[in-house]
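Novice: Got a structure for you, written out below as structure tokens; questions coming shortly.
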Amino acid sequence: MASPRLLRSCLFAALSAALVGSAAIGPAQADASDAGVTAVTFSDAFDGPAGAAVDSSKWQIETGDNVNNHERQYYTSGNNNAALDGQGHLVITARRENPANYQCWYGTCQYTSARLNTAGKFTAQYGHVEARMKVPRGQGMWPAFWMLGNDLGQVGWPNSGEIDIMENVGFEPSTVHGTIHGPGYSGSGGIGAGYTLPNGQAFADGFHTFAVDWAPNSITWSVDGTVYQTRTPADLGGNAWVFNKPFFLILNLAVGGYWPGDPDGSTVFPQQLVVDSVSVTTSDSPAGVPIKGLAGKCVDVAAANSANGTPVQLYDCNGTAAQQWSVGSDGTIRALGKCLDVTGNGTADGSTVQLWDCTGGPNQKWAVSAAHDIVNPQADKCLDVTDNNAANGTRLQIWTCTGGANQKWTVG
């Protein structure tokens, strides 16, 4: 698993001071007439002229080296290694160079790169956190999109918590990792999993979207909308869950270190981490919200069973996790770490809905309208209570939209 990605002592002190002295900015409150409308709390599409530095109102640039991981790069300031490309991307470039006689923990630095964070400018507490990126390739490359607890300056690492949304090491071109670190499960003891592209594809060959859906006592990781793990306090062996608080975002491209190993003769420089966008979105209730319909009853996962194929039904609202749904910016509606799914990719009237692993497929895409319809665009049909029956346990399905009460839903 991932090694801790801590700052060298001088950088750690500077960042800690900034965190202690700054006012945390929490998730923006949704200003929407309909509950459940996705609210954007942070967004950067990296629009601007080629060569420009990142928006300093959103990001700060860290400088220096990192002895803790034995990384080889020196992180430079300004736009030296992190610049817009004029086409809506941030490009973080790692180079084999030392233009200013930078000194690293091992002597004269051999590489430069960049690391930026939102500390003191933006923190998130829950929501859908994602970045669309194309990673570099080559032995020794270590790109990452991750978060640290905003109380880092007060409690230190790993008590602050660390959420690694995406890490890739160059010797695994087809695999990325998602990991949490905290007290008792840090460094090589971090808890997480990997996601591997099929058929030997490499992440460096194109853009991919890396995300977490983060709620109280739950973090779910996905790549391109496909969920590959969920972590809860039950995974920690009795250790403390330190993720129900504000975190700030970090993007960086490290060179070398304990985990990826150093570059070798096969590594081509420069290498680039190309970031298309970063966003944090949240619904009105980051913990998930009920979806209420006919007779004031709720959309419910039968028996709170998270197994694939579990029926989704109408049931008296009871506030359990089986009735806590999040409406994602990717068009999914999720509960218990899985997606609301039209069985068998059906498009016909009467196709039932169920819970299933999130696949990114069109049968898991939904549009929530201001008119309180929940529509599957592929079928162009509405989420519907079968036979207009308000009894507990009535199966939900898709049906041609009629405007009837059995197709009207309130999210939140």
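Novice: Within region 381-393, is there a residue that is over 16 Å from Cys317 (Cβ atoms), free of Cβ contacts under 8 Å to residues at least 60 places away in the same chain and within 27 Å of the chain's Cα centre (by Cα)?
Specialist: no
Novice: Continuing with the same structure: What strands (runs of 3 or more DSSP E) lie completely within region 150-198 and have 2 or more residues being in the same structural domain as Gly127 (by TED's automatic domain parsing), buried (at least 21 other Cβ atoms within 10 Å of the Cβ) and β-branched (Val, Ile, Thr)?
Specialist: Filter on region 150-198 gives 162-167, 175-181.
Novice: Kindly provide the set of residues from region 90-108 that are crowded, with 22+ Cβ neighbours inside 10 Å and assigned to a loop (DSSP other than H, G, I, E, B), ordered by number.
Specialist: none
Novice: Let me ask you something else. Taking region 118-149 as the search range and keeping residues that are in contact with a helix residue (DSSP H, G or I) (Cβ under 8 Å, 6 or more places away or on another chain) and in a strand (DSSP E or B), which one is surrounded by the fewest Cβ atoms within 10 Å (Cβ to Cβ)?
Specialist: Restricting to residues being in contact with a helix residue (DSSP H, G or I) (Cβ under 8 Å, 6 or more places away or on another chain) and in a strand (DSSP E or B), the top hit is Lys134.
Novice: Is it the case that some residue within region 301-311 is touching a residue at least 24 places away in the same chain (Cβ under 8 Å) and assigned to a strand (DSSP E or B)?
Specialist: Within region 301-311 (the criterion being touching a residue at least 24 places away in the same chain (Cβ under 8 Å) and assigned to a strand (DSSP E or B)), the answer is yes, since at least one residue qualifies.
Novice: Out of the residues in region 391-406 meeting the condition of being in contact with a strand residue (DSSP E or B) (Cβ under 7 Å, 6 or more places away or on another chain) and hydrophobic (A, V, I, L, M, F, W, C), tell me which one is nearest to Ala295 (Cα to Cα).
Specialist: Leu396
Results for (1) acidic (Asp, Glu); (2) free of Cβ contacts under 8 Å to residues at least 60 places away in the same chain; (3) surrounded by fewer than 20 Cβ atoms within 10 Å (Cβ to Cβ); (4) farther than 30 Å from Asp316 by Cα, shown as yes or no for each residue.
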| residue | (1), (2), (3), (4) |
| --- | --- |
| Ala234 | no, yes, yes, no |
| Gly238 | no, yes, yes, yes |
| Lys245 | no, no, yes, yes |
| Leu251 | no, no, no, yes |
| Val255 | no, no, no, yes |
| Tyr258 | no, no, yes, yes |
| Pro263 | no, no, no, yes |
| Val275 | no, no, no, yes |
| Gly296 | no, yes, yes, no |
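Novice: If I ask for residues that are outside any strand (DSSP E or B), charged (D, E, K, R) and at pLDDT below 95, which ones from region 324-383 would you list?
Specialist: Residues satisfying the conditions are Asp330, Asp357, Lys365, Asp373, Asp380.
The values are calculated or read from the model by the stated rules, or taken from the named source; none is laboratory data. Bear in mind the structure is a predicted one, so any value in this text is a computation, not a measurement. Because the Cβ atoms are built from the backbone with ideal geometry, glycine has one as well, and the counts that use them run over all protein chains shown.
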